[in-house]
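The values are calculated or read from the model by the stated rules, or taken from the named source; none is laboratory data. All of these numbers come straight from a predicted model, not from anything done at the bench. Calculation scope for accessible area: heavy atoms of the full protein, side chains included, ligands and nucleic acids excluded. Shrake-Rupley method; radii C 1.70, N 1.55, O 1.52, S 1.80 Å.
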Amino acid sequence: MKIKKLYILSALMLTFAVVFTACEDKDDYDYDAIVPRVLQITGPAELAAHGLTEFPIRYEVPYRGGSTWEWTASSSEGNATIVLDDEYSSIAYITFPQSSVIDDGVITVVETTYAGVSSEPFSRTVQLNPFCPYPMEEWVGDYTGTSGSHDPVV
């Protein structure tokens, strides 16, 4: 029984020794050695070009600690509105200008590492479908009331 307790105690002490000696603080980390590279932009490949900033579309690139991302987006109608996430600049909410024809939008991202090294621009093309709001006049009609005391709209 004593041997078993001694064996368990030795195993625990060895485990603690390995855990605490494996965690070293390295002050000589070379941040310049990080090669930034954007490999993908995730988000819808097709969307309505409605131009409403209240309803942006979320796009994202893989996150790397210490990096920042610069986003640009445009179509033949002009530049898109881009709002970055408050916490992660790897997430952008994009609204393309309203369009009444099928169009292509281009989203481009550049990653800059903690050391200031920038990646090559990475672009993705998305299809922008037309958005034509329905005219309100066709919905409201000529309603004049139900009491009969109103003159009809002419």
Revision key, fill the gap. Accessible-area order for VAL18, VAL110, largest to smallest, probe 1.4 angstrom, reads VAL18, VAL110
**Study point:** Of all accessible heavy-atom area on segment 4-83, the percent that carbon and sulfur account for (1.4 Å)
**Key:** 58
Check your understanding: If contacts are Cα pairs under 8 angstrom and at least 6 residues apart, what is the relative contact order of segment 1-130 in percent?
Key -> 28
Exercise for review: Per residue of segment 57-71, in order, report the coupling 6.51 cos²θ - 1.76 cosθ + 1.60 (Karplus, θ = phi - 60°) as ³J(HN,Hα) in whole Hz, putting x for Gly and Pro.
Suggested key: 9, 7, 10, 8, 10, x, 7, 10, x, x, 8, 10, 10, 10, 10
